[in-house]
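Novice: The structure under discussion is supplied below as C-alpha cells; questions concerning it will follow.
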Amino acid sequence: MGGAAVAYLATGSLAAAAITATIGASAGYYAAAYVNALRWSYRDHAYRRWPSRLLMSNLLALRSVAVEFGPAELIDSIAVRPVAFYVGPLIFDNTIVGWIFGKLISDLAFYVCAIASYERFTGLLVGARPRAEEVTDASVPTIEAA
C-alpha cells in the first residue's frame, strides 16, 4: 500500500496506484514464498552434491510456488486487485478506506484460489508430505488384552 500511496501522490492517478499496489504486493509476497520453498527444498535434497543440490532446490521451489500460487496470482493480478484498488476509492469516496477495502477483497479472492490450488496439487509442492492412509480394522492386527 505504501507504493500505491507514492504512485498516487506522484501522479494523482488511481490507475497508477492500483498497478503499483498490484506489483508491490506480488513482489513482496513471492519473495517470501520463494525463499521459504527454497529452504524446504534445499533441506530435502541434502543427499545431493552442491551444484545439483542448488539447481534442483531452485527448480523445485520455483515449481512449488508456481503450482501453489500461479492460478491465484493470475486471477488476482489481472482482474481482482487492480479493479478493487481502482474502484474501492470511488465506492467509498475516500482513498485510504477504498484501498483497505480493495486489499481485503483482493486478498480474499487470492487466498480462496490459492487454497484450492494447494488442496488440488499438494503432491507437487516442496515440503509436502504424503497424506496418511485411512486405517481399517481389517488392515491392522488387534492385540487382545489378557
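Any read-out appearing in this document is the output of simple, stated calculations on the displayed coordinates, not a laboratory observation. Values in this document were obtained by computation on a predicted structure and should not be read as measured data. Don't worry about glycine lacking a Cβ; one is built from the backbone with ideal geometry, like all the others, and counts go over all protein chains shown.
Novice: Exactly which chymotrypsin sites (Phe, Trp or Tyr not before Pro) in the range 39-73 are in a DSSP loop and have at most 16 other Cβ atoms within 10 Å? Write out the running numbers ahead of the final one.
Specialist: Working: sites: Trp40, Tyr42, Tyr47, Phe69; in loops: Tyr47.
Answer by residue number: Tyr47.
Novice: If all Cα-Cα distances of the range 44-124 are sorted into 5 Å bins from 0 onward, what percent lands in each bin, rounded to whole numbers?
Specialist: 3, 16, 17, 14, 12, 11, 9, 7, 5, 3, 2, 0
Novice: Sticking with this one: Simple spin-label model, 7 Å along Cα-to-Cβ: Phe121 to Ala5 in nm?
Specialist: Label-label distance for Phe121 and Ala5, simple model: 3.5 nm.
Novice: Continuing with this model, one more query. Hey, got a sec? Which trypsin sites (Lys or Arg not before Pro) in the range 1-56 land in a DSSP loop and have at most 16 other Cβ atoms within 10 Å?
Specialist: On the way: sites: Arg39, Arg43, Arg48, Arg49, Arg53; in loops: Arg48, Arg49.
Answer in residue order: Arg48, Arg49.
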